[in-house]
Every structure is written in C-alpha cells, then in structure tokens.
1. What is the residue count in segment 138-158 for residues that are open to solvent by less than 30 Å² (accessible area, probe 1.4 Å), under 22 Å from the mean Cα position of the chain (by Cα) and more than 14 Å from Met178 (Cβ to Cβ)?
2. Being in a helix (DSSP H, G or I), more than 29 Å from Val307 (Cα to Cα) and not hydrophobic (A, V, I, L, M, F, W, C) is the filter here; which residues of segment 221-247 pass it?
3. Give the residue that is nearest to Ala375 (Cα to Cα), with candidates limited to residues of segment 435-466 that are more than 29 Å from the chain's Cα centre (by Cα) and in a loop (DSSP other than H, G, I, E, B).
4. Please tell me if Val432 is over 38 Å from the mean Cα position of the chain (by Cα) and either of a type in the set (Val, Ile, Thr) or surrounded by 21 or more Cβ atoms within 10 Å (Cβ to Cβ) (or both).
5. So, in segment 271-287, how many residues would count as being assigned to a loop (DSSP other than H, G, I, E, B) and open to solvent by less than 80 Å² (accessible area, probe 1.4 Å)?
6. Have a look at Ser268, Ser238 and point out the one that is closer than 30 Å to Val121 by Cα, crowded, with 19+ Cβ neighbours inside 10 Å and out of contact with any His (no Cβ under 6 Å at 6 or more places or on another chain).
7. Among the residues of segment 77-86, what is the count of those that are over 20 Å from His49 (Cβ atoms) and either aliphatic (A, V, I, L, M) or part of a helix (DSSP H, G or I) (or both)?
8. With the condition kept exactly as written, say whether any residue in segment 52-59 is assigned to a helix (DSSP H, G or I), without any contact (Cβ under 8 Å) to a residue 40 or more places away in the chain and out of contact with any Cys (no Cβ under 9 Å at 6 or more places or on another chain).
Amino acid sequence: MSQDNQVNTAKLSSARFTEATDAFVEEFTASIQFDNRMYHQDIQGSIAHAKMITEAGILTQNELEDIIGGLTQIQQEIEKGEFQWSIQQEDIHMNIEARLTALIGITGKKLHTGRSRNDQVATDIRLYLRDEIDAILPEMKRLQHGILSLAEKEADTIMPGFTHLQTAQPVTFGHHMMAWFEMIKRDVERLHDCRKRVNTMPLGSAALAGTTYPINRHLTAELLGFDRISENSLDGVSDRDFAIEFTAFASTFLMHLSRFSEELVLWSSAQFQFIDLPDRFCTGSSIMPQKKNPDVPELVRGKTGRVYGHLMSLLTLMKSQPLAYNKDNQEDKEPLFDAVDTVRGSLRAFADMVPAIIVKRDMTYAAAKNGFSTATDLADYLVKKGLPFRDAHEVVGLAVAYGVKNKLDLSEMSLETLQGFHPDITEDVFEVLTLEGSVAARNHLGGTAPEQVKAAIARAKDFLNS
C-alpha cells in the first residue's frame, strides 16, 4: 500500500463507516496541532457540563467526582508536559475524552451526554478568547500609563506638528503623546465592547438543534461565568462573529501601533534626531558598526499586515457558509490564535519601550523653528487687528516667501520688514511669533497649551484609576 492511501486500521471514525480514515486525511483534518492550547478551557467547560448533567440526574455524584478527578489529573499531565497528544484523536476534545476514559473507565464515556463537539468547541473558543482579552486589557492599561508618563515629562517640550509630513504648527511632545493615548483609549473601548459579545454561552446547542436531555443552561452559564446564553442553537454552534470582531479590534489596534512605530522610526533617525530609543529595544548591523536599528517598532509595523490578513481570512471563511456548523470553521483558530499572540507580543514591547524613550528637547525645539511654524499665528494676529482672514493669509504668504528667499524665519525679521507686508503689525507681534507663545495661545480644551496638556493628562490618570 502506498503512503498516499494508507489507512489507520486501528480506528474508525464511527460505527457508521466501513473503512478507516485515510492516514493523510486523518492528519490533514486534525486540529490537535494547534487547538491543544485550549486545554484549560476544554477541561473547565467539561467540569461545568458534568456538574450540570449531575444536577439533571444523568450522572451520579460518584461519577461526577470521578470525572472531576480524572480531568484534574489530565490538566496536571498537560501542564507537566507528560500528556501524549494523538493525531488519531483528532482534536483537543477527543484527546481529553479518550484519556479520561482510560483513567476512569466507562464513566468517561458518559461525559459527552447532552452536548456535541460543535457546541463544545464554540464554548471553548469563547472561554479562551475571554481569558486572552482579560490578559490583554491590563497590558493596554500599562501602555496607557507609559504614554502618560512620557507625556507628563514632556508636557512643555516644543516640537513641530506636521501635516503632509511638512512642518505645520508648533505643538508640545506631551500633546503629541496624548494623541496616541486617545487612539489606545478607543481601542480599549472596542475591546471591552467585544468582550460583551464573546461572553455568550453556546453550550447546550449540541450539534445544531439542541438536546432532548433535561439540561439547565443557566446553571452551566453561571458556573462558567457567562453573562448570557445563546438564544438560537443553529447560530450558537456556527457563530464566529466574536472572532471576527476581536480580529477587527486587533487590526485597528495594530494600525495605531504601526503609525506610532512609523513616527518612532523617523524620530530616531539621523535626519530627525527627536528621540533616542533604549539600546535594549534596538539591534546593530552585521556590517555597519555605527548602526542602531529600531527593530521593535519596525517589526510591529510589519506584523500589522499579518493581522489584517487574519481579519480577511476570517471574513472570507464565514462569508458563504450555510447553517449550521461546517468543517470550514476549524480554520477559525489559527488566524485568531495568531492575532491574539501578535497583539500580546506587540503590546508588551510597546508597554515596555514607550516610558523609556528619551526625548532630545534641543533637537525638537530647533526643528520647530524651521518651516515657518508660526505663520498661522501671524495670520491670526492680523485678523485680530481687523483684517479678513483671507487677506491675512495672503499677507503672511508674502512674508513667508520673503523668508524663504532670504533664509529668515518670521521671528527673525525686523519690525520694519514685517510692517512692509502690512502696516498694522506692531512690536507686540513678536509675542505671537515665538514658539512658546504659539503653543501657549491655544489654551482651550484639547489645545496645545502646556497647562491644557497637563490637565488632559490628569483627566486621563483619573479615568484609568477609576
């Protein structure tokens, strides 16, 4: 018999079949290679299910105790690395059930009463994702605190603000960091919202139509900490919206980290020199001894694409499936698992790195003086003198053109020169042409004034600590 059509004669899929599964097909269709990470959730769900069917009179108290003891031993074996995973048992559920039956005998075969692998896996993956979300949220808060720490240190540090990556108006580094805080805050809100829909229990849906046994789904939900129970058995086993929603969150979050990464890469370059990243987050070159490469932000920027891919994969996976469960759904786990891993790794890297960033204040200040960043302030000054804004815009444009030609910033021009562009300009103009005056003048909620930045930081700290 060739390798291509070998069969595993030791195991038939069920009594329904007259020939064993092809060895290649058995391996091709198995999921134990990746779904074994859900062992804790599978055991947790099985214990809750066993307690519920004991209350329903399907198991005796002694049988329940045997099942809990066996499952506890299996968890210990897995965590010690002693458990023997089997491709022949196909997935995490059958591996654990087979081992349980080997440990406690026929009682192990009773555990599956009143449920299917369809609602079992749907429950496991929700429990798994809920646990991962609960681990991610504190790390996101740690990143937020890191951003606030850096923003607070640099609340008065002047830097250029950019549009089109061209110098636009002066801002403070702290104000810039608070923009990142707002993005991450929205991501946290999305993740909290996602968790609400993750925390719905499908167990009890069985294969697709529910079960004839007198189950108590409310008890199982309470034991497993679910907020609600799925209302429709068909939807319960086939819904993967929650995985798509998490991956959509992950895509948006990684998009934000990728934008953040792009700025860190630019700012740490010799062309900008705005910041210095700690050595522990960088690597050198194999050939150029002077190099200090910002590998962490570069890699996070690169990982964003794979998460986008996982979102597209899950959307495509689900787009044409008829109700209810289909084998296609086995393909939900690897994209979701990798999205979780990528979020957790990227998040840890940023939470560690951001508060350790060193800002080169002299360089950010010097850069803000280039590019006529106070031009808008001069236009506003003229408007307050009574000039229509469009006329003021034209006057300042002429002044900037003169500055470009003569290599002079607006603040470096004499009063006489400035009055040549408009006679209403007087000595007090120099108060608004300074970088400090420019950022201080935007003294409103959400503005760049250092006191507003510090107030925003204070509000953010109160929010995180509430």
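1. Residues that pass the stated criteria total 1.
2. Within segment 221-247, Glu222, Ser233 meet the criteria.
3. Per the stated criteria, the residue is Arg442.
4. Criteria met by Val432.
5. 8
6. Ser238
7. Adding up the residues that qualify gives 2.
8. Yes, there is a match, as at least one residue in segment 52-59 is assigned to a helix (DSSP H, G or I), without any contact (Cβ under 8 Å) to a residue 40 or more places away in the chain and out of contact with any Cys (no Cβ under 9 Å at 6 or more places or on another chain).
The values are calculated or read from the model by the stated rules, or taken from the named source; none is laboratory data. Here the structure is a predicted model, which is why all the values come from computation and not from measurement. Don't worry about glycine lacking a Cβ; one is built from the backbone with ideal geometry, like all the others, and counts go over all protein chains shown. Only protein heavy atoms, including side chains, enter the accessible area calculation; ligands, DNA and RNA are left aside. Shrake-Rupley method; radii C 1.70, N 1.55, O 1.52, S 1.80 Å.
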